[in-house]
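The next block holds one structure in the form of structure tokens; read it before the comments.
The values are calculated or read from the model by the stated rules, or taken from the named source; none is laboratory data. Note that the structure is a prediction, hence the values are computed from the model and not measured. Cβ: placed from backbone, ideal geometry, glycine included. Neighbour counts: every protein chain shown. Please note that ligands, DNA and RNA were not included when accessible areas were found on the heavy atoms of the full protein model with its side chains. Shrake-Rupley method; radii C 1.70, N 1.55, O 1.52, S 1.80 Å.
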Amino acid sequence: MRTYVTINILDLSNIDFSEVVETSADTIRKSLDETKFVIKYNTEPSFITNGTVVPLQTLTHSEALILMQTADWSEQLVE
């Protein structure tokens, strides 16, 4: 089962992209204020298990979809 985590942008340089679904810093989803980003993985990456990176949130796919629809992650359309 795929796991989604939000991480502080300051930890971006600590991400080993060979251990996650995203391929580079160019393919991650960032919050609108660019203070956080999301990665996803099937097996917990070593940079998390060894404490190098501490996720802000751990989410299921459904929870990640809900988060991406919030004002922090998605521009709201003004009608």
Item to complete: Go through the range 1-13 residue by residue and tally those that are open to solvent by less than 60 Å² (accessible area, probe 1.4 Å) and in a helix (DSSP H, G or I).
Response: 3
Response to the item:
Screening Glu79, Glu34 for residues that are open to solvent by 100 Å² or more (accessible area, probe 1.4 Å) and in contact (Cβ under 8 Å) with a residue 24 or more places away in the chain leaves only Glu34
Worksheet item: Being within 11 Å of the chain's Cα centre (by Cα) and open to solvent by less than 40 Å² (accessible area, probe 1.4 Å), is that true of even one residue in the range 43-50?
Response: no
Worksheet, complete the sentence: Note on the range 54-71: residues part of a loop (DSSP other than H, G, I, E, B) and either farther than 16 Å from Ile9 by Cβ or open to solvent by less than 90 Å² (accessible area, probe 1.4 Å) (or both) are Pro55, Thr60, Gln69, Thr70, Ala71
Worksheet item: So which residues in the range 21-53 are among the β-branched types (Val, Ile, Thr), in a loop (DSSP other than H, G, I, E, B) and out of contact with any strand residue (DSSP E or B) (no Cβ under 8 Å at 6 or more places or on another chain)?
Response: Thr23, Thr43, Thr52
